[in-house]
Every structure is written in structure tokens, then in C-alpha cells.
Amino acid sequence: MTAYSLGRGYRVFVFFLAAWFGAGIALVVFHLVTTSESMPVRVFLMVWVVVVVLGLRWYLFDYACDLRFDGEWLYWKAPLRSGRASLQDLKLVRARWGTDGFIESSDGRRIRVLVQKGFIRFSGRLADRCPGVRVRIGWMTRFLEWLPGSTVFRG
């Protein structure tokens with residue numbers, strides 16, 4: 001099985017970060033309920049809470065940090081959610097600016113991926129296994145691949 005994984009350390013980091021920001025959200029909500037602030041301060045704090053909640057949702061549920069494929073399925077895992085997609089339904093692998101990437105299936109669903117060193121080789125192996133898959137890699141991802149350090153690709 002070919003794998004691309006950011007590892008257990010990443011998942012632990014995301015959980016600690018979620019706990020830290022969750023405590024921050026609780027404190028902000030408590031502050032908003034117990035004190036009287038001016039309207040601009042209240043609006044700012046509410047916007048902050050919404051942005052943090054959306055960010056946590058992305059990193060806990062949407063961004064896959066573990067990808068594996070075998071003969072017929074691509075398995076993905078985010079810290080709190082997982083799924084699978086048929087290899088024959090995949091049509092595009094794209095790494096855009098920085099660490100944002102996705103794998104798109106023919107029905108339009110996307111698996112968002114945190115792109116790190118090793119993703120280009122993983123995408124190449126996936127394209128070899130599924131000839132109909134187009135791979136589009138941006139210059140920033142190529143630069144990340146060029147930097148020294150270990151890779152998260154296993155396969």
C-alpha cells in the first residue's frame with residue numbers, strides 16, 4: 001500500500017491547538033456574556049470566534065493528513081474524519097499555493113490535502129496507478145520538495 005502521512009505528531013499538535021483555541025473561545029464567550037463592551041469590541045470578538053471555529057473545522061474535519069491507496073481505493077484521514085474514494089473515479093490531483101491541495105473525483109467531491117514534502121512522489125504513484133488522473137503541481141510545492149529534510153511519502 002502506498003502512503004502519504006503527516007504522522008501522529010501532526011494529529012496530536014492539531015488536537016492541542018484545538019484545545020487551546022477552544023479554551024480561548026470559551027473565555028471570549030464568557031467575557032461577552034459577563035461584561036458590557038462597546039459594539040466594535042463585541043463585533044470583533046464575535047468575528048474572531050467565527051474565524052477560529054471555521055479554521056478548527058477545516059483542520060479537524062476537512063484537511064486529510066493521511067492518504068493511502070491500494071488496488072481499488074484511495075483512503076484518507078483527517079484528525080476527526082475519514083473516508084475513501086474509488087481510484088477509477090479520480091480525475092485530478094492539484095497542489096496549489098503553499099500547502100493547500102486537493103484530489104477531485106468525477107462526481108465533483110474533493111479531498112482537501114495538506115501538502116508537504118513527498119506529495120509529488122505520492123501523486124506520481126497515484127497517476128501511474130490511475131492513468132486518467134491529471135496531476136497539476138504548483139511552483140511552491142515543487143520548492144517545498146526541493147528543500148532538505150525528511151519526506152512523509154512511504155511507498
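At 37 °C and 0.692 mPa s, what whole-number value in µm²/s does Stokes-Einstein give for the translational diffusion of the chain, with Rh from the Kirkwood sum over Cα pairs? Translational diffusion coefficient: 191 µm²/s.
A full extension of the chain between Ala127 and Val52 corresponds to an added length of 23.4 nm, given 0.36 nm per residue minus the alpha carbon distance. Taking 7 Å steps out from each Cα toward its Cβ at Arg109 and Arg136 produces label points 2.2 nm apart.
Taking amide H as placed 1.01 Å from N in the peptide plane, Leu90 has its amide H under 5 Å from the amide H of Ser106, each at least 5 places away in sequence or on another chain. Annotation: amide H-H contacts under 5 Å for Ala3 (H modelled 1.01 Å from N, sequence separation of 5 or more, or interchain): Arg154, Gly155. Note on segment 90-155: along the principal axes its Cα atoms extend 37, 23, 16 Å, ordered by decreasing extent. Backbone N atoms of segment 116-141 closer than 12 Å to the 7 Å Cα→Cβ label point of Arg8 are not found in any residue.
Our compactness index for segment 14-61, the C-alpha radius of gyration over the empirical 2.2 N^0.38 Å, is 1.22.
Segment 1-80 and segment 93-141 have Cα centres lying 23 Å from one another. Couplings 3J(HN,Hα) of segment 27-42, computed from phi: 5, 5, 5, 4, 4, 5, 7, 8, 10, 9, 10, 5, 4, x, 5, 4 Hz, in residue order, whole Hz [Karplus 6.51 cos²θ - 1.76 cosθ + 1.60, θ = phi - 60°; x for Gly and Pro]. Of the solvent-accessible surface of the chain, computed with a 1.4 Å probe over protein heavy atoms with every protein chain present, carbon and sulfur atoms account for 63 percent. Evaluating 6.51 cos²θ - 1.76 cosθ + 1.60 at θ = phi - 60° for every residue in segment 106-122, the Karplus couplings come out as 5, 8, x, 6, 10, 9, 6, 10, 7, 8, 9, 4, x, 5, 5, 5, 4 Hz, glycine and proline recorded as x. Evaluating 6.51 cos²θ - 1.76 cosθ + 1.60 at θ = phi - 60° for every residue in segment 123-131, the Karplus couplings come out as 4, x, 5, 5, 5, 5, 6, 10, x Hz, glycine and proline recorded as x.
In Å², what does the accessible area per residue of the chain work out to with a 1.4 Å probe? Kindly include the intermediate steps, with their values, before the conclusion.
Working: 9370 Å² over 155 residues.
That works out to 60 Å² for each residue.
The values are calculated or read from the model by the stated rules, or taken from the named source; none is laboratory data. Everything quoted here is computed from the prediction, not taken from an experiment. All Cβ positions, glycine included, derive from the backbone under ideal geometry; neighbour counts span all protein chains shown. Just the protein is used for accessible areas: all its heavy atoms, side chains included, with ligands, DNA and RNA removed. Shrake-Rupley method; radii C 1.70, N 1.55, O 1.52, S 1.80 Å.
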